[in-house]
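A.B. asks: This is the structure, below, for whatever I ask next.
Please treat every number below as a calculation from the coordinates, not as lab data. Computed from a predicted structure; not experimentally measured. Heads up, the Cβs are rebuilt from the backbone with ideal geometry, glycines too, and the neighbour counts pull from every protein chain shown.
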Amino acid sequence: MTEPIMRVEHLYKIFSLQNTRSKEKEAYEALQKDTPLEEVSKHYQVMVALNDITLNIEEGKVLVIIGLSGSGKSTLVRCLNLLHIPTAGKVLYKGTNILDYSPSQMQEFRRTKVAMVFQNFGLMSHRNVLQNAAYGLEVRGVERGQREKQAAAMLEMVGLKGWENKSIRSLSGGMKQRVGIARALTNNPDILIMDEAFSALDPLVRNDLQLELLRIQEKMQKTIVFITHDINEAFKLGDTVAILRDGKLIQMASPEEMLAKPADEYVKRFINTVDTTKVLTVRSITEVPGALVREGSGAALAVKVMGVNGVSSAYVLDEHMHYKGIVTLDSALAVLNGAKSYDEALITTVPCIKNPETLITDIVKISANTGFPLPVVDKDGLFLGIVTKAAVLTSLQK
Ligand SMILES: Nc1ncnc2c1ncn2[C@@H]1O[C@H](COP(=O)(O)OP(=O)(O)OP(=O)(O)O)[C@@H](O)[C@H]1O
Ligand SMILES: [Mg+2]
């Protein structure tokens, strides 16, 4: 595995409610001695916002951080660029602890390696769109022609070509956030941090921007750390989803893994809020396979049908359209060579989905673990079609 671009190790952030940094440290020491959290919070008058977080941020991937309000999401990402100084632990960028950076190294890191996109856009209303997008480069002293060229390219990337000279006030919320993204990208950072960046937008605009972000990610291969409350958004955008509760990392997994194996009840409850109108059933992704053969029509025909359709397996039905099994090209050829009987060649062990109204989320695991598209039949056993692994995964991305 390649080295993660960032990694946090045993990260703690404890806020002293009286703003005394010594209390932070004392509370941390007490936690190390296994003093119960409640006791520590009360005795030292602190809020333990991050409690021993260790995680990797993989280069070129989207990591989504999700959790209830107050679970520590913003605190975690603010530790990534040291807007918050962790109470304890390491924040590694390409293997170096950024807590050891000199002030000038830190400034360089903040200006060129990470960029943030905020929920409230954080744009300057007295500047036009182009000047906002070019702001980061201006701060870095890049000359005007160069910075405006880069900013214009990024505005085009987010779909705002032609809007360069418009005032910020004239833009809708969705467009303002496009400017926010362009401004962050203009610095060409390695890592884009987006804290609830789409949460204030209405659902349709939000949907557009989610797709836009995926498109940008595909093109630019940025590392993105994206915070949200919304599990639908998390599953749509995340290569990996990390779920926080009370400052602890409860589970970090791909959406598929998290659906198949939620770590505990908290994760399950989150997953259960996946919008059921958007959770599709198997029927909606069932397709008719190209290679269908009738039982008894023989191996030679099966080979031919597979050849015509360019596939290496065929679905076998009886004369009443009941599903019987699968023959592969290899096994059909073995029948032709006399090495196997037709019955021996028929694979009947592939799991069959017996109810087309089954939720796709319930077959993710079976689909992943089966070497063939899964056959689907109705309650009377009539063959309806097949469900491919690609269709299952694509439906989860929507
Ligand atoms: N500067 C601070 N001083 C004291 N407590 C703080 C400070 N910042 C955050 N906290 C507390 O730390 C905990 C985690 O806060 P954080 O903002 O990271 O949560 P969050 O998951 O981002 O929540 P939200 O979804 O509401 O944005 C909360 O209990 C919060 O009240
Ligand atoms: Mg927050």
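A.B. asks: If packing is taken as the average count of other Cβ atoms within 10 Å, what order do 192-198, 280-286 fall into, highest mean first?
C.D. replies: 192-198, 280-286
A.B. asks: Extending each Cα 7 Å along its Cβ direction at residue 82 and residue 348, get the distance between those two points in nm, one decimal.
C.D. replies: Distance between the two pseudo-spin positions: 6.8 nm.
A.B. asks: Could you tell me the distance between the Cα centroids of the range 351-398 and the range 106-180, to the nearest Å?
C.D. replies: Using only Cα atoms, the two centres lie 45 Å from each other.
A.B. asks: How many angstrom lie between the Cα centre of the range 1-70 and the Cα centre of the range 280-317?
C.D. replies: So the two Cα centres are separated by 54 Å.
A.B. asks: Pairs to check: 113/248; 113/261; 149/222. Give those whose C-alpha atoms are more than 31 Å from each other in this structure.
C.D. replies: Correct reply: 113/261.
A.B. asks: Report Rg(Cα)/(2.2 N^0.38 Å) for the range 282-397, keeping two decimals.
C.D. replies: My calculation over the Cα atoms of the range 282-397 gives 1.06.
A.B. asks: If you add up the charges near residue 35, with Lys and Arg at +1 and Asp and Glu at -1, over every other residue whose beta carbon is less than 15 angstrom from its beta carbon, what do you get?
C.D. replies: That works out to -3.
A.B. asks: Would you mind computing Rg(Cα) / (2.2 N^0.38 Å) for the chain, counting N as its residues?
C.D. replies: Dividing the Cα Rg of the chain by 2.2 N^0.38 Å gives 1.26.
A.B. asks: Report the antiparallel proportion of the DSSP beta bridges in the chain as a percent, rounded to a multiple of 5.
C.D. replies: 60
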